[in-house]
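Below is one structure, written out as structure tokens; the observations come after it.
The values are calculated or read from the model by the stated rules, or taken from the named source; none is laboratory data. As the structure is a prediction and not an experimental result, all values here were calculated from the model. Note that each Cβ is placed from the backbone with ideal geometry, even for glycine, and that neighbours are counted across all protein chains shown. Protein only, heavy atoms only, side chains kept; ligands, DNA and RNA dropped before computing areas. Shrake-Rupley method; radii C 1.70, N 1.55, O 1.52, S 1.80 Å.
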Amino acid sequence: AIILVHWLLTVWGCMNYMLPLSYAWGNFSVLAVGIWAIVQRDSLDAITMFLTGLLLTVLTDIIHISIFYPSHDFLSDAKRFSIGMAIFSLLLKPVSCYLVYRMYLERGGE
């Protein structure tokens, strides 16, 4: 569910090409590692990399949104929706990090 929600919000956040390609590459790469963590349920490395990637994308999302946020004159409804979904994804990432951390502990992490 975490991967599906963040995938959908990232797709919606990338709709208007307002954010650079590094936003899409970073988020989709972390989601790919998340799929790896789902497939290999016994791998502690996969869930650790997924958690680390989520934490790093929190920082990079803040930087992307703050740098590339358009001025009020250039905000159409589609751009407003797109940036809103990127911000919503950013706001959900701490909750996702907590849930992934719980999975990390269940797999035997310390």
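The mean accessible area for residues of the chain, using a 1.4 Å probe and ignoring ligands and nucleic acids, is 61 Å² per residue. Counting only alpha carbon atoms, the long axis of helix 44-68 and the longest principal axis of the chain meet at about 10°. Roughly how tilted is helix 21-39, in degrees to the nearest 10 and between 0 and 90, from the longest Cα axis of the chain? Once rounded, one gets 20 degrees.
Between the helical axis of 77-106 and the longest alpha-carbon principal axis of the chain there is an angle of about 10 degrees. Ranking TYR69, TYR104, MET15 by how far each Cα lies toward the positive end of the dipole of the chain (charges on Cβ) leaves MET15 at the top. The value for segment 31-83 of Rg(Cα) / (2.2 N^0.38 Å) is 1.63.
Quick check: at a probe of 1.4 Å, how many percent of the accessible area of segment 18-110 sits on carbon and sulfur atoms? Heavy-atom surface of segment 18-110 belonging to carbon and sulfur, 1.4 Å probe: 70 percent. The base-10 log of I(q)/I(0) for segment 1-107, evaluated at q = 0.10, 0.22, 0.24 Å⁻¹, reads -0.29, -1.11, -1.27 [Debye formula, identical scatterers on Cα atoms, solvent excluded]. Subtracting the Cα-Cα distance of ILE35 and TYR98 from 0.36 nm times their residue separation leaves 21.0 nm of extension gain.
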